[in-house]
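The block underneath contains the structure these notes are about, expressed in structure tokens.
The values are calculated or read from the model by the stated rules, or taken from the named source; none is laboratory data. Everything quoted here is computed from the prediction, not taken from an experiment. Because the Cβ atoms are built from the backbone with ideal geometry, glycine has one as well, and the counts that use them run over all protein chains shown. The protein model used for the area step is the full one, side chains on, heavy atoms only, and it has no ligands, DNA or RNA in it. Shrake-Rupley method; radii C 1.70, N 1.55, O 1.52, S 1.80 Å.
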Amino acid sequence: MFVRLYVTAKNKTEAEKDLKFFLEKINQILVKANVERLEPYWKFDDVYVVELNLIVKKDLSLNELTQLLETISDKWQYYGDPINEFLASKRLKAVTIY
């Protein structure tokens, strides 16, 4: 599973802290995580892009994934048919990132 995170961070250490938070939240479904990219995002100051390749448990259903994502943010947008993209952002109206 490919995952791209955009995290608000002043430096790499702060971005790594947010990455660790994310990985702890998904630990129950995670088999292995490879960080492919962690660097400043060129479009915005104080934003880092983190790209991950994850190996997750094979028996994971969309419902289980949705419940897990709700522990990270209270509002998600879903894209694709079948759904293959999930988006939560502090920039969206009335969204809480835990």
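Among the protein heavy atoms, those of Ile55 account for about 90 Å² of accessible surface (1.4 Å probe, every chain in place). Between amide H atoms placed 1.01 Å from N, distances below 5 Å from Tyr41 occur with Val47, Tyr48, Val49, all of them 5 or more places distant or on a separate chain. When a 1.4 Å probe is rolled over the protein heavy atoms, the share of accessible surface on the chain that falls to carbon and sulfur comes to 50 percent. Across the chain, C-alpha contacts under 8 Å between residues 6 or more apart give a mean separation that, scaled by the residue count, equals a relative contact order of 26 percent. Between 0 and 90 degrees, rounded to the nearest ten: what's the tilt of helix 12-25 against the longest Cα principal axis of the chain? In the chain, helix 12-25 runs at an angle near 10 degrees to the longest axis.
Other residues with beta-carbon under 13 Å from the beta-carbon of Asn27 carry, at +1 per Lys or Arg and -1 per Asp or Glu, a net charge of +3.
Roughly how large, in nm² to one decimal, is the mean projection of the convex hull of the alpha-carbon atoms in the chain?
Average projection, Cα convex hull of the chain: 6.5 nm².
What's the lysine pair count for the chain at a Cα cut-off below 17 Å, pairs eight or more apart or interchain? Counting lysine pairs in the chain gives 14. In terms of the Cα gyration tensor, with a ≥ b ≥ c the square roots of its eigenvalues, is segment 31-78 rounded because a/c is under 1.5, prolate because a/b exceeds b/c, or oblate? In terms of gyration-tensor shape, oblate.
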